[in-house]
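All remarks here apply to the structure that follows.
The values are calculated or read from the model by the stated rules, or taken from the named source; none is laboratory data. Since we're looking at a predicted model, the values are computed, not measured. In this analysis, Cβ positions are derived from the backbone assuming ideal geometry, glycine residues included, and neighbour counts consider all displayed protein chains. What goes into the accessible areas is simple: the full protein's heavy atoms, side chains included, and nothing from ligands, DNA or RNA. Shrake-Rupley method; radii C 1.70, N 1.55, O 1.52, S 1.80 Å.
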Amino acid sequence: MIKLSTPLSEIKGIGPKFFERLKKFGLATAGDLLWHFPFRYEDFSRISKIADLKIGERATVQGVISDIKLKRTWKRRIFIVEALISDDTGSIKAVWFNQRFLLSIFKKGKSVNLAGKVVESEKDGLILSHPAHELINSDSGNDPKHTGRLVPIYPETKRLTSKALRFLIKPLLDDLEKLNDPIPPKILKKQNFPEINSALKQIHFPENLRQAQSAKKRFAFEDLFFLQLANIRLKFQLSREKAYAFPMDVEFIKMLLSKLPFELTQSQKKSLFEILKDLEKPHPMNRLLQGDVGSGKTIVAALAAMVVSKSLNAAQGKQTAFMAPTEVLARQHYLAFKKFFPGFDGGVALLTSSESRIFYGDDLETKIKKQDLIKKISSGGIKIIIGTHALIQKNVKFKDLALVVVDEQHRFGVKQRAELIDQSPDVLPHFLSMSATPIPRTLTLTIFGDLDLSIISELPEGRKEIITKIVAPVNRDKAYAFIRGQVKKGRQVFVICPRIEPQINADETQINADISVNQRGNLRRSALLWETKAVKEEYEKLSQKVFPDLKVGLLHGKLKAKEKAEVMNKFSASGGKDAKIDGSTSLTINPEQSRRIDILVSTSVVEVGVDVPNATIMMIEGSERFGLAQLYQFRGRVGRGEHQSFCFLFTDSSAKTTYKRLYSLLEAKNGFELAEKDLEIRGPGEFLGETQTGRPDLAMKAVQNPDLVKASREAAMDLLKTDPELKNNPLLLEKLKIFEKEVHLE
Ligand code: ADP
Ligand code: MG
């Protein structure tokens, strides 16, 4: 009897060479292999008569080999195996390239099933090209794996074919011990799913497509169900932890609001209220604040930080860590605090690898040695500490950290949270994540099911619509001329270079869904290299050929933090006469900069957060390579000041589908709408980055099915309500723990 945990190396019939190959794909146990699901099926279940075959169809024929020979082409040294097979209606030639070994399998007079595409050849009329094949003998005659049925097609590579996988999986299924189903029978019944043993058989070797789909759905549900259980349990756990409580002080908040140069939008107010309500509770908040680029998330989080620090009487307040993804953004947040709360004397610090300074209100700003700053933080002498995401991992000790704000990150990781618990074992800080990436609701419920959501759904008033154009290659010069005109008027321009995705050498027909993690890392690195090369070339072209008279800057991910900051400083420095925001120039990062950059050529590193109100043109090269939501975010970099802004989507692709997709950017009302579209077109990977390997893939695909997401969430909720510790479902608990380990929920 084979168990799920049985190593493949111990299974008869899997040789060491093959075992190594499987291992490379992360398949080490019988369970791994059995959970390597087909991604589609070919319907070879009907055996066709040879006389009925038509060009272009995929068919299975059954017949006797009446002739077989080996040929080779002279020019290219390719071996061709040709077989003639006949049934009672006629004969047809089948052709394989470079498969000499077939000669030893196919002998005249043997019965075979051949399944493949019928094509027309000049010489021979209809032939079967490269068909899958199976000898009909006493073993497989009634139960073929490869041909006369619905045939599973697996994610495969050159070295691991569907055929080989079918060959391995079939006997495993036959010898597998009976499994207990982790999904409670009541839920299976309610959803009308097959139990696990039949589902496994049906997903690999279904009798019909309906059966296959129902099995697939069951496994997708299982993964979603586990994700939901994990999320909801996390939420319950967190709600049992202690946190500092901050009773709502309406007068104080009114006072803060009255000092702002603008009124908050309705949804800013609503989000702020939700956050302040959470801060009142003695349990940690765990909230995601979502809002389009420019919707004003910073001020909402900053107000929460002010409440926590209780600025009027800072001695009583507690500390906030305010974390940004880049140093540039950290500095921008620091400047925002200075600008909006000039009288705050509780101490606002900026701590990054290149800078450390404190602001104590009324223009009391000092540069301070990093070590001294860290000391001041640990003694509680500074209430608001702004830095990069690394802030809490660097050995900065807080005295009484009560709020953690994380900008442009969807979630605050479980691991990071654990590090904070080490810092103060009794109380956990409240967590507020902010993200401008609009995520479709089903995905949010699945991936971020442990978080509460606040959404800023509108932009502050008075923002002008950004004029967006798709630019075909013939209009490139016109666009350049327009850009030059804008720069001459004092405006600035972003140029985003195409994203380069890791390329896998796909062998014609085969799909590489499962490349090893290691391989992925390498691909990613080489993609980064290409991307850097491409952006440098674009920079050369623009600075030397197209705009030699303008100042062009270059930004990419391989620059050092300091170099990046320097470039960004030059770009955001307000050299121009009208680079004002809100009637002031206080967001000017480095006013003494005289040489400013007109055109910034960049990879997608500028995607997040930078606020340069004088930039009015966003030009995106190879725009078809980006997701819609991402393009939307790029576009949000402009249109922040008083001038009319433009977004140019360059594309060399003339495909209708490309245009159609890009057009939805022109029509969309908000990022969420586009996110839903992206999910539909490009799948959830668009939002999650790297696709995760292994099981959750199925769940990730299932995210496109809102009903299944809803059902899994309800089922998980129901179960945890009656059995929060899963005491009555020990098998489920055990599996869930494994699942949580495999899929780090961050
Ligand atoms: P994001 O949500 O992208 O982080 P920011 O917080 O950077 O957006 O805000 C973008 C700009 O809008 C900032 O200059 C900010 O001061 C300004 N802002 C925020 N809220 C409002 C508002 N209610 N009215 C006018 N301007 C606002
Ligand atoms: Mg922001």
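For the modelled label position 7 Å from the Cα of GLU82 along Cα-to-Cβ, which residues of region 96-130 have backbone nitrogen atoms closer than 16 Å? Answer for this model: 96-100, 103, 119-130. Accessible area of SER604 (1.4 Å probe, protein heavy atoms only, ligands and nucleic acids ignored): about 30 Å². Express in nm, to one decimal, how much length is gained between LEU257 and VAL64 on full extension, taking 0.36 nm for each residue of separation and deducting their alpha carbon distance. That works out to 60.9 nm of additional length. Note on ARG72/LEU529: beta-carbon distance plugged into 1/(1 + (r/R0)^6) with R0 of 56 Å gives a FRET efficiency of 0.85. Converting phi to 3J(HN,Hα) with the Karplus coefficients 6.51, -1.76 and 1.60 and the offset θ = phi - 60°, region 354-362 yields 9, 8, 8, 8, 10, 10, 10, x, 6 Hz in sequence order, with x at every glycine or proline. With the simple spin-label model, which puts each label point 7 Å out from Cα in the Cβ direction, the THR657 to SER379 separation comes to 6.4 nm. Looking at region 1-32, the trypsin sites (Lys or Arg not before Pro) that sit in a DSSP loop and have at most 16 other Cβ atoms within 10 Å of their own Cβ are LYS3, LYS12.
Residues MET434, MET255, sorted by accessible area with the largest first, give MET255, MET434 [1.4 Å probe; ligands and nucleic acids excluded]. By a 1.4 Å probe calculation restricted to protein chains, HIS430 has an accessible surface near 0 Å², given to the nearest 10. Placing unit charges on each Cβ (+1 for Lys and Arg, -1 for Asp and Glu) gives region 271-321 a dipole about its Cα centre, and among GLY317, ALA304, LEU289 the Cα reaching farthest toward its positive end belongs to GLY317.
Over region 421-464, the fraction of Cα-Cα pairs per 10 Å bin, rounded to whole percents and listed from the shortest bin up, is 19, 37, 27, 15, 3.
Using a 1.4 angstrom probe with every protein chain in place, what is the largest-first accessible-area order of VAL546, VAL495? If you can, show how the numbers build up before the last one.
Values: VAL546 30, VAL495 0 Å².
Heavy-atom accessible area, descending, gives VAL546, VAL495.
What the phi angles of region 396-404 give under the Karplus curve with 6.51, -1.76 and 1.60, with θ = phi - 60°, is a coupling list of 8, 9, 9, 7, 8, 5, 10, 9, 10 Hz, glycine and proline written as x.
Computed extension gain for GLU207 through LEU126, at 0.36 nm per residue and net of the alpha carbon distance, reaches 26.2 nm. In terms of the mean number of neighbouring beta-carbon atoms within 10 Å, the peptides 626-634, 88-96, 725-733, 333-341 order highest first as 626-634, 333-341, 88-96, 725-733. Sorting SER48, SER66 on solvent-accessible area from highest to lowest, probe radius 1.4 Å, gives SER66, SER48.
Of the trypsin sites (Lys or Arg not before Pro) found in region 220-294, the ones in coil according to DSSP and having at most 16 other Cβ atoms within 10 Å of their Cβ are LYS259.
Close amide-amide hydrogen proximity is noted between ILE80 and LYS71, ARG72, THR73, ASN98, each under 5 Å apart and 5 or more residues distant or on a separate chain (H modeled in the peptide plane; Pro and chain starts excluded). Between LYS189 and PHE167, the C-beta separation translates, for a Förster distance of 35 Å, into a calculated FRET efficiency of about 0.50.
Sorted largest first, the spans of the alpha carbon positions of region 57-123 along the three principal axes are 37, 26, 17 Å. Here LYS558 is the anchor, and the lysines within straight C-alpha reach of less than 17 Å, apart from those fewer than 8 places off in the same chain, are LYS533, LYS536. The lysines within cross-link reach of LYS170, meaning a Cα-to-Cα straight distance under 19 Å and a gap of 8 or more places when in the same chain, are LYS3, LYS12, LYS23, LYS145, LYS178, LYS201, LYS216. Using θ = phi - 60° in the Karplus curve 6.51 cos²θ - 1.76 cosθ + 1.60, the 3J(HN,Hα) couplings for region 648-655 round to 10, 9, 7, 8, 8, 7, 9, 4 Hz; x is entered for Gly and Pro.
Going down the table (LYS369/LYS551; LYS564/LYS656; LYS464/LYS489; LYS269/LYS310; LYS464/LYS562), which pairs top 27 Å between alpha carbons?
LYS369/LYS551; LYS564/LYS656; LYS464/LYS562
A full extension of the chain between ASN475 and LEU179 corresponds to an added length of 100.3 nm, given 0.36 nm per residue minus the alpha carbon distance. The H on the amide N of THR89, modeled in the peptide plane, is under 5 Å from the matching H of ILE50, ALA51, each at least 5 residues off or on a different chain. Put simply, the amide H of ILE455, placed in the peptide plane, has neighbours under 5 Å in GLN290, leaving out anything fewer than 5 places away on its chain.
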